[in-house]
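Just so it is clear, none of the values below were taken in a lab; they were calculated from the coordinates. Given the structure is predicted, the values throughout are model-derived calculations rather than measurements. Here Cβ is always computed from backbone atoms with ideal geometry, including for glycine, and neighbour counts include all displayed protein chains.
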Amino acid sequence: MSSGSLIAQLDAFEQAALAAIRGAADAAALEAARIEFLGARQGKLRDLQALLGTATREEKPVVGRRFNEVKQVVSNELDARGRVLSRPRRPDQAVDVTLPGPRPAIGRRHPLTQTILEFKDIMGRFGFTVADGPEVEDEWHNFEALNIPADHPARDPLDNFFLATAAAGDPQRGTANSATSRLLRSQTSTVQIRVMESNPPPIRICSVGRVYRPDTIDATHSCMFHQMEGLLIAPGTTMAQLKTVLRLFAQAYLGHDVTIRFRPSFFPFTEPSVEVDMSWDSTGSRWLEIGGAGMVDPNVLRAVGYDPEQVTGFAFGLGIERFCMRRHQVPDIRYFTNNDLRFLRQF
Ligand code: PHE
């Protein structure tokens with residue numbers, strides 16, 4: 001046998017032995033490795049020793065030196081691993097929670113979630129219960145029942161996210177088949193219809209959720225944002241009550257220095273209608289639109305089977321992001337969806 005192949009066998013032995021020793025998880029595994037590699041009767045090193053005799057006279061010093069070296073390295077490693085494994089273990093990772101120490105980082109709610117919870121809380125104090133509705137809607141609840149007829153520009157497929165479902169009449173045209181076309185709701189006013197359809201008056205609900213519009217995204221617009229809808233149906237409801245609720249709501253969330261202003265406007269589902277602005281700061285020089293509101297249109301009441309001669313009501317829809325932006329002076333709506341922890345950790 002040539003010394004080259006003997007040296008190679010010694011190298012291979014060394015590698016295998018070190019790997020087994022380092023991988024031994026407990027004393028029993030370590031002892032098994034010792035017997036396998038260094039065992040006096042059947043250990044692998046013993047087999048190699050038997051081969052040493054086949055080396056030539058000139059080879060013997062080289063091979064012999066390497067043999068002793070490997071034997072030393074492996075038994076050193078065996079001893080070292082033995083010392084590590086015999087160290088006393090920590091008592092089962094026990095943590096004494098009464099002792100001081102580093103606190104684990106706990107997460108926090110997203111600022112919009114915090115806002116939504118607070119909105120529901122305020123509305124609850126005003127006597128409004130919380131209702132819910134789906135984000136994927138049909139055209140009846142998003143348009144038709146809200147007095148938005150098929151030829152109304154608000155139903156333009158370019159202004160809505162129609163879904164190309166197999167059942168849809170023609171998603172390209174969107175309005176081709178009201179019974180089956182589906183879209184991502186463009187407003188939470190859909191929930192007004194759903195609540196009135198399944199409940200008799202009186203009604204006092206709010207509903208919070210996501211709405212979707214193919215708007216150009218900028219500092220104050222996003223293609224997905226959150227709205228809070230409010231609906232109150234009762235005999236003798238007035239516009240003055242609506243304005244009071246909105247003012248009290250804004251002040252409950254933003255404090256008494258916020259100013260609310262109402263501009264005459266138009267929505268198919270309210271008459272009269274207003275758009276609502278709030279002051280961006282105490283200088284009163286900048287206004288931000290926060291939503292729409294008005295007295296529920298008789299056509300809407302009829303669509304859900306109410307008698308407009310018997311009941312009246314008001315409704316409003318507010319953009320949630322903008323309230324949160326004003327309270328914390330967040331200059332850009334995109335902060336809420338950028339997932340930048342430096343921003344999120346401040347709330
Ligand atoms: N749904 C309207 C919008 O999204 C807001 C609104 C709600 C207006 C309720 C009047 C009444 O713009």
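Condition first: touching a residue at least 40 places away in the same chain (Cβ under 8 Å), away from the ligand (no atom under 16 Å from the Cβ) and over 35 Å from the mean Cα position of the chain (by Cα). Can you find one or more residues in segment 331-347 that meet it? Checked segment 331-347: no residue is touching a residue at least 40 places away in the same chain (Cβ under 8 Å), away from the ligand (no atom under 16 Å from the Cβ) and over 35 Å from the mean Cα position of the chain (by Cα). So is Gly317 among the small types (Gly, Ala, Ser) and at positive phi or not? Against the criterion (among the small types (Gly, Ala, Ser) and at positive phi), Gly317 does not qualify. The set of residues in segment 263-278 being away from the ligand (no atom under 12 Å from the Cβ) and in contact (Cβ under 8 Å) with a residue 12 or more places away in the chain consists of Arg263, Asp277, Met278. Only residues that are assigned to a helix (DSSP H, G or I) and within 25 Å of Pro61 (Cβ to Cβ) were counted in segment 17-43, giving 4.
Within segment 279-294, take every residue that is more than 9 Å from the ligand (Cβ to nearest atom) and touching a Phe, Trp or Tyr at 6+ places or on another chain (Cβ under 7 Å) and give me the one that is nearest to Val330 (Cα to Cα). Result: Trp280.
Considering only segment 209-223, state which residues are within 13 Å of the ligand (Cβ to nearest atom) and either assigned to a strand (DSSP E or B) or among the acidic types (Asp, Glu) (or both). Residues satisfying the conditions are Gly209, Arg210, Val211, Tyr212, Asp215. Can you say whether Ala50 is over 30 Å from Ser86 (Cα atoms) and buried (at least 17 other Cβ atoms within 10 Å of the Cβ), as far as the supplied structure shows? Considered against the rule, which asks whether it is over 30 Å from Ser86 (Cα atoms) and buried (at least 17 other Cβ atoms within 10 Å of the Cβ), Ala50 comes out as no.
Counting only residues that are farther than 11 Å from Leu78 by Cα and either buried (at least 18 other Cβ atoms within 10 Å of the Cβ) or in contact with a Gly (Cβ under 6 Å, 6 or more places away or on another chain) (or both), segment 10-42 holds 3 of them.
Of the residues that make up segment 256-271, is at least one acidic (Asp, Glu) and under 25 Å from Phe143 (Cα atoms)? Within segment 256-271, one or more residues are acidic (Asp, Glu) and under 25 Å from Phe143 (Cα atoms).
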